[in-house]
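The values are calculated or read from the model by the stated rules, or taken from the named source; none is laboratory data. Predicted, not measured: the structure shown is a model, and the values here were computed from it. For neighbour counting, all protein chains shown are included, and Cβ atoms are generated from backbone atoms with ideal geometry for every residue, glycine included.
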Amino acid sequence: MITEVHLKEKLRTIDFTCPDSIKDWDMDELLKDMVHHIGSIDGELRDSLIYTSFYRLMEGNHLSQEQILLKRANDCPTIHANWLFPSEMERYREQIKRPY
């Protein structure tokens with residue numbers, strides 16, 4: 001796994017003003033590293049680099065739906081992937097309402 005120092009360096013080199021340069025990045029690897037260090041006590045890494053990079057990547061449509069939703073659900077065991085989709089959540093709610 002990448003260290004916090006290396007992730008900082010990596011995130012600082014991303015040029016969000018040049019969308020073509022972002023296409024060269026391995027987004028799955030970058031997201032994995034960002035999620036791994038999202039709880040860092042280093043405020044600059046967490047707030048100024050990771051959170052801001054997530055925002056800019058989503059705002060610029062540089063992430064696929066799978067990268068935004070499903071991959072995060074797999075990385076966060078407390079989130080059930082099916083709950084991220086309204087149709088699945090509605091089916092779950094209907095199951096709860098049924099009398100036994």
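Any idea which of (1) modelled with pLDDT of 70 or more; (2) assigned to a helix (DSSP H, G or I) is the one ARG91 doesn't satisfy?
For ARG91, the failing item is (1).
Counting only residues that are out of contact with any helix residue (DSSP H, G or I) (no Cβ under 6 Å at 6 or more places or on another chain) and among the hydrophobic types (A, V, I, L, M, F, W, C), which one in the range 38-69 is modelled with the lowest pLDDT?
ILE68
Take the range 15-56 and flag every residue that is without any contact (Cβ under 8 Å) to a residue 40 or more places away in the chain, surrounded by 11 or more Cβ atoms within 10 Å (Cβ to Cβ) and outside any helix (DSSP H, G or I).
Matches in the range 15-56: TRP25, HIS37, ILE38, SER40, ASP42.
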